[in-house]
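Data block below; observations after.
The values are calculated or read from the model by the stated rules, or taken from the named source; none is laboratory data. All values reported here derive from a predicted model rather than from experimental measurement. Quick reminder, even Gly has a Cβ in these numbers, built from the backbone with ideal geometry, and neighbours come from all protein chains shown.
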Amino acid sequence: MKEFAFAKQRLAGEFTPSFRHRLAQAMLCDVLAALRGARQLAGFAVITADPEAGRLAQDFGGRWLVETPVRGLNAAVSAAAAVLGAEGRGGMLVLPGDIPAVTSAEVDALIAGHGAGRAVSLVAAHDGQGTNAVLVSPPGMMTFAFGPMSFSRHRAGAQALGFVPRCPDPARFPGLALDVDTAEQVRRLAGLLPCSRTRRLLAAEGCP
């Protein structure tokens, strides 16, 4: 998780820094709530240099893996994979913090369909270009390639290791597939359940 003060820079033309901070916080809380409710997970963690985000992870019953030094998303995820691998964990599911519509049921369904043994499962973002879920077993089996066109790069990386990655239709995972990078995507969040922290924030701010 990027530091809240620097989150959602692409929304700077539409929203104030204070709103972007609170939006990033609310979305992370919704993701953490989904992870806490997932039955297929042994646990969850947030890797971040932001103490506020780290404390939120702990408040929801997860772990805070301190990102130090700050080197970007791929380095952070690789560091988390190294920690989990050293602990003997069987696999790792990587999710971004800006998918507030994700549900516990989606997380459980993705893991249930992953299969046993060495495997890779990928869920594309709604645009078909980004990657909103990477499930790998064991944790450090592949190089992470988040960024522009990451879905095709993750798929190619798995294939280079001799794996045919499982790539379910994102339509089966609408919450996982919906990330937030534009003002229009923020407006689409109005369809979230009323109990969502993100939805409550948008309603308080008068967003449609």
- Item | Any helices (runs of 4 or more DSSP H) falling wholly within the range 125-202 and containing at least 2 residues that are over 22 Å from LYS2 (Cα atoms) and among the polar types (S, T, N, Q) | 150-160
- Query: crowded, with 16+ Cβ neighbours inside 10 Å, farther than 18 Å from ALA133 by Cα and modelled with pLDDT of 95 or more, is that true of ASP30?
  - Reply: no
- Positions within the range 77-92 being in contact with a Leu (Cβ under 7 Å, 6 or more places away or on another chain) and not in a helix (DSSP H, G or I), in sequence order: GLY91, MET92
- Which ones in the range 93-124 are part of a helix (DSSP H, G or I) and surrounded by fewer than 20 Cβ atoms within 10 Å (Cβ to Cβ)? SER104, ALA105, ASP108, ALA109, ILE111, ALA112
- Task: Would you confirm whether any residue within the range 8-18 is more than 14 Å from ASP98 (Cα to Cα), crowded, with 17+ Cβ neighbours inside 10 Å and modelled with pLDDT under 95?
- Result: yes
- Item | Unique residue being modelled with pLDDT of 95 or more, among the hydrophobic types (A, V, I, L, M, F, W, C) and out of contact with any helix residue (DSSP H, G or I) (no Cβ under 8 Å at 6 or more places or on another chain) when the list is ALA109, ALA105 | ALA105
- Message: With the requirement that a residue be touching a helix residue (DSSP H, G or I) at 6+ places or on another chain (Cβ under 8 Å), surrounded by 19 or more Cβ atoms within 10 Å (Cβ to Cβ) and free of Cβ contacts under 8 Å to residues at least 40 places away in the same chain, what does the range 34-58 give you?
- Response: PHE44, LEU56, ALA57
